[in-house]
Amino acid sequence: MAIYNEIINWSVNKPMFVRDAVRRLLNNQSLSDLDYSEIKELLMKEYGFNNISLSPIPATTNDIPSMNKSDNQIKIEKIYSPHNINALYDKTLLQFALDGLTVIYGKNGSGKSSFSKILKKLCWSRDKNVVLKKNVYKEDNSPQTVKIKFYEGRNENEFVWFEDSSIDKRLNSVFVFDSKCADVYLNKENPAEYKPAGIDILERLALVFNKISQKIDNEVLRFNKVKFNLPSKYNQTLIAHWFQSIENLDRITIENKLIITDKQKEVKNTLEKSLKDSNIAETNKTLKHKKERYEKLQASLNTIEVLFTGDSIREIRELKEDVVIKEQAYRAACISFNTGNEFSIGSEAWRVLWNAARNYAISDLHKDYPILSNEKGNFCALCQQPLSEDAENRLQKFDLYMQDTTSVAFEQAKKKLDEIGKKYTSITRWRN
């Protein structure tokens with residue numbers, strides 16, 4: 001098989017579409033119309049048609065049979081676990097004798113032909129156009145798989161083939177021959193000539209390129225139009241000069257002008273859709289209303305996004321913790337100030353009464369009126385009578401409660417938390 005290796009080495013420096021064509025010829029005696037079309041597309045892609053997504057697959061040694069020494073001979077032991085291949089049962093096993101001759105027989109539909117196709121697919125055969133169809137009796141689109149166990153000399157190997165995957169090139173040394181392979185040798189090759197194996201690849205490659213060249217010429221002819229001859233009186237018009245100018249453009253200039261960007265394609269599709277619309281005015285009105293709704297939604301989402309950022313959530317948690325701490329301090333102060341008093345000094349009524357009496361005593365009597373000073377002999381702010389020691393202590397304690405900072409701090413923290421909470425409670429469900 002040295003000739004095949006030489007062809008592979010020869011193709012390495014050739015364009016990718018040539019290498020892909022060599023691969024197809026190594027695996028198929030005849031190419032299909034799809035093969036010719038794909039090779040043509042690969043040629044076009046290599047010469048500047050960038051919108052073609054098909055990628056070439058160059059020929060490698062996996063596409064040709066390999067020679068093994070006698071002490072390293074490949075022997076297939078069994079083929080088993082075929083999945084989704086024709087109607088073969090998943091647990092089917094085809095066993096071969098490692099020495100001697102194996103005869104396989106069975107009724108029609110028992111799977112003989114299916115296993116023959118598997119062998120031609122995984123080993124070397126002139127009939128490489130074999131197709132392993134999926135089981136039509138099951139709604140199963142899972143990939144096809146099959147396992148093959150073989151010996152390379154004394155070494156046992158197992159190869160698992162998956163749909164569209166490459167084969168183990170060691171199996172290329174196993175030659176498969178059946179009636180279809182015979183038809184290839186007898187009817188599809190030139191019986192009048194005897195050539196070394198592999199030489200036909202180069203001849204068929206030349207025929208492939210001739211056919212592709214003809215395909216390209218036919219496509220070019222579709223774009224060739226007979227020039228319209230204008231009457232002589234129009235030869236000096238602007239449109240005539242314009243036509244004359246484009247006739248002299250070179251290919252690169254034309255290709256640069258023919259490049260259409262994705263944005264231009266999008267605009268074209270939009271215009272085509274609009275031209276097909278029978279009521280463009282109503283559609284335009286609908287789109288404007290939709291745009292307004294989307295902008296309103298975007299504004300709402302932007303506001304909500306700010307409220308639910310990590311920093312915002314962290315701020316709310318810190319404020320809530322601050323309120324809890326300051327409320328605990330405030331409650332502790334209330335308990336402390338009420339200890340030993342027969343009246344509760346924590347109610348709102350007491351706070352209003354106290355502020356009114358204090359303001360009266362200071363503003364209406366005298367700003368230096370000795371109310372709740374550190375000296376003895378204080379007077380009641382309302383009746384002007386001297387206070388007993390118990391009454392004086394009670395009012396001093398109530399005044400301390402009124403001036404305590406825990407109450408102010410708690411109220412301020414709670415107010416701040418409530419203000420931020422209103423931003424969240426004001427979020428309404430958006431309706432289109």
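The values are calculated or read from the model by the stated rules, or taken from the named source; none is laboratory data. Since this is a predicted model, take the numbers as computed values, not measurements. We place every Cβ from the backbone using ideal geometry, glycine too, and count neighbours over all the protein chains shown. Note: accessible area is taken over every heavy atom of the protein model, side chains too, but ligands, DNA and RNA are not part of it. Shrake-Rupley method; radii C 1.70, N 1.55, O 1.52, S 1.80 Å.
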- All conditions in (1) at pLDDT 90 or above; (2) farther than 30 Å from Leu258 by Cα; (3) surrounded by fewer than 16 Cβ atoms within 10 Å (Cβ to Cβ) are true of Glu77 except (3)
- Those residues that are within 21 Å of Trp10 (Cβ to Cβ) and surrounded by fewer than 19 Cβ atoms within 10 Å (Cβ to Cβ), I need them from the range 35-50; list them, please. Asp35, Glu46
- Task: Kindly provide the set of residues from the range 47-74 that are at pLDDT 90 or above and touching a Phe, Trp or Tyr at 6+ places or on another chain (Cβ under 8 Å), ordered by number.
- Result: Pro56
- Go through Ser53, Ser32 for me and flag whichever is open to solvent by 60 Å² or more (accessible area, probe 1.4 Å) and either under 36 Å from the mean Cα position of the chain (by Cα) or hydrophobic (A, V, I, L, M, F, W, C) (or both). Ser53
- Note on the structure: If we keep only residues of the range 108-129 that are in contact (Cβ under 8 Å) with a residue 40 or more places away in the chain and assigned to a loop (DSSP other than H, G, I, E, B), then the residue most open to solvent (accessible area, probe 1.4 Å) is Asn129
- Query: Is there any pair linking a residue in the range 290-302 that is without any contact (Cβ under 8 Å) to a residue 60 or more places away in the chain to one that is assigned to a helix (DSSP H, G or I) and not hydrophobic (A, V, I, L, M, F, W, C), with Cβ under 6 Å and at least six apart or on different chains, and which?
  - Reply: none
- Task: List every residue pair whose Cβ atoms sit under 7 Å apart, with the two residues 6 or more apart in sequence or on different chains, where the first one lies in the range 238-266 and is free of Cβ contacts under 8 Å to residues at least 60 places away in the same chain and more than 19 Å from Asn51 (Cβ to Cβ) and the second, anywhere, is surrounded by 10 or more Cβ atoms within 10 Å (Cβ to Cβ) and among the aliphatic types (A, V, I, L, M).
- Result: Ala240/Leu230
- Could you please find all residues in the range 130-140 being at pLDDT 85 or above and either open to solvent by 80 Å² or more (accessible area, probe 1.4 Å) or over 34 Å from the mean Cα position of the chain (by Cα) (or both)? Lys133
